[in-house]
Amino acid sequence: MSSPAQSWSAWPNLGDAPRAGSDVRLSVEQVSYAYSANPSQAPLFTLEANSFQSRPGEIVAILGPNASGKSTLLKLIAGALAPLSGRVLLDGFVTHTLAPRARAQRIAMVQQETPLLFPARAWEFVLQGRHPYGRSLRFENEDDVLIARNALAQVGADHLSDRWMNEISGGERQRVVLARALCQQPLLLLLDEPTLHLDIGAQVDLLATLRRLAAENRYTVVVVTHELNLAAEYADQVVLLQKGKSLRVGSPASVYQRDLLEEVFHARLTVEQGSNGRPRVNLLPTS
Amino acid sequence: MRPITLQRLLLQCGILALVLFAVVVVALKLGAVPVSLYGLGRDLLSVLLRQTSQLSSDYGMIVIEIRLPRILLAIVVGASLSVAGTSFQALLRNPLADPYVLGVSMGAALGAILALIAEPHLALPAWLAALFTPLGAFLGAAATIAAVYLLGRREGQIDSATLLLAGIISSSFLSAIIMFLLTTLTGRDFRGMAFWLMGDLSSSLQSSLRWVLVIGFLVATGAIYTTAADLNLLLAGEKEAMHLGVDVRRVRLVVYIAASILTGLAVSVSGAIGYVGLLVPHVMRLLFGSDHRILLPTAAFGGAIAVVIADTLARTVVAPSELPVGAMTALVGAPLFIYLLRRRMA
């Protein structure tokens with residue numbers, strides 16, 4: 001693993017955001033939320049108080065079945081939603097009170113994509129990640145281009161630079177989207193089901209890339225996923241949600257218990273310890 | 001990687017400005033009364049040197065007093081409609097959006113007509129009277145786009161087909177109201193009004209209205225241009241734009257108001273000229289790419305060029321009679337709209 005100083009030297013113009021050492025970077029403090037169609041009615045969905053903390057270089061996986069509140073929790077962390085109670089602190093700033101530009105300089109979100117209306121080349125797409133650093137009438141300068149090139153190289157997508165976004169494969173597109181997020185030079189990298197629609201090879205590839213980036217660039221990574229085994233393999237911490245309740249927070253080994261997972265996911269399975277000390281889930285056929 | 005630079009923008013705008021100049025010269029020359037290029041150059045020079053009393057011929061007067069103001073009007077109207085169309089396309093995430101197709105032009109026309117009807121009954125100060133019709137048109141445009149936006153939503157999302165349908169229905173409903181108002185209005189020039197509704201640049205403007213038009217165009221276009229980089233991201237979706245640091249609400253409000261102003265101004269002086277705001281941005285995207293920092297200024301030039309050409313054709317093809325310019329743009333625009341729609345559905 002390269003030292004932070006070494007990897008940062010490739011990144012000009014680091015911006016004003018402080019980069020802490022081994023302190024807590026992300027602190028989710030008793031955050032809750034309620035969706036309702038109408039303020040006078042009972043909420044349709046409630047996310048109960050959630051807490052966890054994460055350091056630079058760590059990957060946190062949010063796991064749970066559909067409608068368990070994973071994406072809602074991610075939006076709360078991103079500051080896109082204001083919590084009903086509690087708060088999310090990123091290096092001491094409450095995320096949902098940051099101005100849009102300041103927030104985008106600290107938090108990058110990789111979402112399930114929306115289709116592009118007009119064709120764009122991969123490099124144009126990646127340069128969009130520099131938007132939070134530009135004034136409204138500014139054109140991208142050489143620094144921006146250098147940062148975009150580095151970002152593409154870091155995700156192994158330099159060769160895609162001149163390709164059209166609608167003509168590359170799903171896995172390639174996910175890399176370009178990730179490169180755009182890196183261009184934001186964030187402290188916190190959030191991903192909402194990034195492995196959806198990817199084949200198994202591309203899934204492993206993406207998680208391995210995230211692991212490397214978290215280590216090299218000292219990002220804190222929070223990823224929402226359905227992939228139990230990928231999360232077990234690559235996450236430092238797991239948050240297990242069910243119907244808006246946070247059931248467990250901890251290392252994959254401490255959260256992955258057979259009874260618990262069987263109850264949450266309504267499936268018969270076994271959990272075994274892998275040779276690297278990480279748990280492995282095997283689904284059993286229902287007879 | 002070839003990011004956009006200021007030099008590239010200036011170069012492209014320079015080329016388009018030259019094309020516009022050439023088109024204007026040809027438009028000055030063509031018409032019911034033939035004018036030689038030499039005489040034209042001499043007359044223009046004398047106007048520039050402020051010696052308008054020494055025009056070389058009677059033809060000079062036709063060119064300077066009649067054709068030139070009309071061409072300048074076509075330039076501002078074309079640029080306004082084209083910038084408005086570009087903005088609506090980004091704002092509504094719909095490449096087929098255009099003030100005319102969305103019914104916004106008819107809304108502006110209704111607003112303008114209501115203002116014309118109401119004005120004699122209100123003892124307005126002179127400055128407000130000059131502003132009153134464009135103001136009515138602006139309010140009509142703003143109300144229509146809000147209504148079409150709300151009608152075009154399904155389950156909280158803008159649905160492309162529903163939006164276009166809502167626009168077309170609103171347009172026909174509003175034109176029915178306009179027809180009702182026009183037929184019940186006595187003492188008005190109905191034929192002139194019907195001509196104006198189709199899009200017409202032949203009416204001469206009061207000088208105060210000219211200034212309202214030019215200043216309104218510059219301010220509204222400038223306001224939209226400050227959001228150019230944001231619009232690029234907004235096209236990728238509101239959520240994505242927000243996560244990339246765009247203040248989505250502010251951008252939407254600025255573009256919504258400014259595009260309504262542009263439509264209102266254009267319609268209040270020239271009626272509903274269709275398809276300019278739809279086709280010109282498409283052509284400019286093909287030529288220069290879809291980045292709004294380049295698209296907005298090039299679309300302004302392109303719209304000016306398109307409407308000057310369309311108006312020149314409108315007043316020459318059946319000379320000495322005239323077609324409404326809106327008929328010219330619709331003749332070209334409607335088939336192209338169908339083509340784009342079918343390609344999109346495929």
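Being at the interface with chain B (Cβ under 8 Å from one of its Cβ atoms), loosely packed, with under 15 Cβ neighbours inside 10 Å and touching a residue at least 12 places away in the same chain (Cβ under 8 Å) is true for just one of A:PRO132, A:PRO119. Which residue is that?
A:PRO119
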(message) Being at the interface with another protein chain (Cβ under 10 Å from one of its Cβ atoms), within 21 Å of the chain's Cα centre (by Cα) and within 20 Å of B:LEU295 (Cα to Cα) is the requirement here; does B:TYR256 meet it?
(response) no
(request) Provide a single number: the residues in the range B:28-42 that are hydrophobic (A, V, I, L, M, F, W, C), within 13 Å of B:ILE64 (Cβ to Cβ) and part of a helix (DSSP H, G or I). (result) 2
(message) Against the definition (among the aliphatic types (A, V, I, L, M), more than 14 Å from chain A (Cβ to nearest Cβ) and either over 19 Å from B:SER202 (Cβ atoms) or surrounded by fewer than 22 Cβ atoms within 10 Å (Cβ to Cβ) (or both)), how does B:ILE66 come out, yes or no?
(response) yes
(request) Please verify whether the range B:287-301 includes one or more residues that are more than 14 Å from chain A (Cβ to nearest Cβ) and either within 30 Å of B:GLY192 (Cα to Cα) or basic (Lys, Arg) (or both). (result) yes
(message) Considering only residues that are in a helix (DSSP H, G or I) and touching a Gly at 6+ places or on another chain (Cβ under 8 Å), which ones fall in the range A:183-200?
(response) A:CYS183
(request) List the helices (runs of 4 or more DSSP H) that sit entirely inside the range A:212-285 and contain at least 3 residues that are out of contact with any Cys (no Cβ under 9 Å at 6 or more places or on another chain) and within 23 Å of A:LEU198 (Cβ to Cβ). (result) A:228-234
(request) With the condition kept exactly as written, say whether any residue in the range A:69-77 is more than 14 Å from every other protein chain (Cβ to nearest Cβ), surrounded by 20 or more Cβ atoms within 10 Å (Cβ to Cβ) and part of a strand (DSSP E or B). (result) no
(message) Given (1) under 29 Å from B:GLY245 (Cα atoms); (2) under 15 Å from the mean Cα position of the chain (by Cα); (3) touching a residue at least 24 places away in the same chain (Cβ under 8 Å), identify the lone condition not met by A:GLU216.
(response) (2)
(message) Could you check the range B:204-234 and list, in sequence order, the residues that are surrounded by fewer than 17 Cβ atoms within 10 Å (Cβ to Cβ) and among the β-branched types (Val, Ile, Thr)?
(response) B:VAL214, B:ILE215, B:VAL219, B:THR226
(request) Give the residues of the range A:107-152 that are touching a Ser or Thr at 6+ places or on another chain (Cβ under 9 Å) and of a type in the set (A, V, I, L, M), sorted by residue number. (result) A:ILE107, A:LEU117, A:ALA120, A:ALA122, A:VAL126, A:LEU137, A:ALA148, A:LEU152
(request) Select, from A:PHE45, A:PHE139, the only residue that is at the interface with chain B (Cβ under 8 Å from one of its Cβ atoms) and modelled with pLDDT under 90. (result) A:PHE139
(message) Tally up the residues in the range B:218-258 that are polar (S, T, N, Q) and part of a helix (DSSP H, G or I), please.
(response) 2
(request) Would you confirm whether any residue within the range B:266-276 is within 9 Å of chain A (Cβ to nearest Cβ), buried (at least 22 other Cβ atoms within 10 Å of the Cβ) and either of a type in the set (A, V, I, L, M) or touching a Pro at 6+ places or on another chain (Cβ under 9 Å) (or both)? (result) no
(request) Specify the residue that is nearest to the other protein chains (Cβ to nearest Cβ); the eligible residues are those in the range A:142-158 that are touching an Asp or Glu at 6+ places or on another chain (Cβ under 9 Å) and of a type outside the set (A, V, I, L, M). (result) A:ARG149
(message) Tell me the residue from A:GLN174, A:GLN112 that is closer than 21 Å to A:TYR219 by Cα and crowded, with 23+ Cβ neighbours inside 10 Å, please.
(response) A:GLN174
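Name the one entry in A:ARG87, A:ARG106 that is in contact with a Phe, Trp or Tyr (Cβ under 9 Å, 6 or more places away or on another chain), buried (at least 16 other Cβ atoms within 10 Å of the Cβ) and of a type in the set (Lys, Arg).
Only one candidate passes the filter, namely A:ARG106.
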(request) Considering (1) out of contact with any Pro (no Cβ under 7 Å at 6 or more places or on another chain); (2) at the interface with another protein chain (Cβ under 9 Å from one of its Cβ atoms); (3) at pLDDT 90 or above, say which one A:ALA104 fails and leave the rest. (result) (1)
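The values are calculated or read from the model by the stated rules, or taken from the named source; none is laboratory data. Just so it is clear, the structure is predicted and the values come from calculations on it, not from any experiment. Neighbour counts are summed over all protein chains in view; Cβ atoms, including those assigned to glycine, are modelled from backbone coordinates with ideal geometry.
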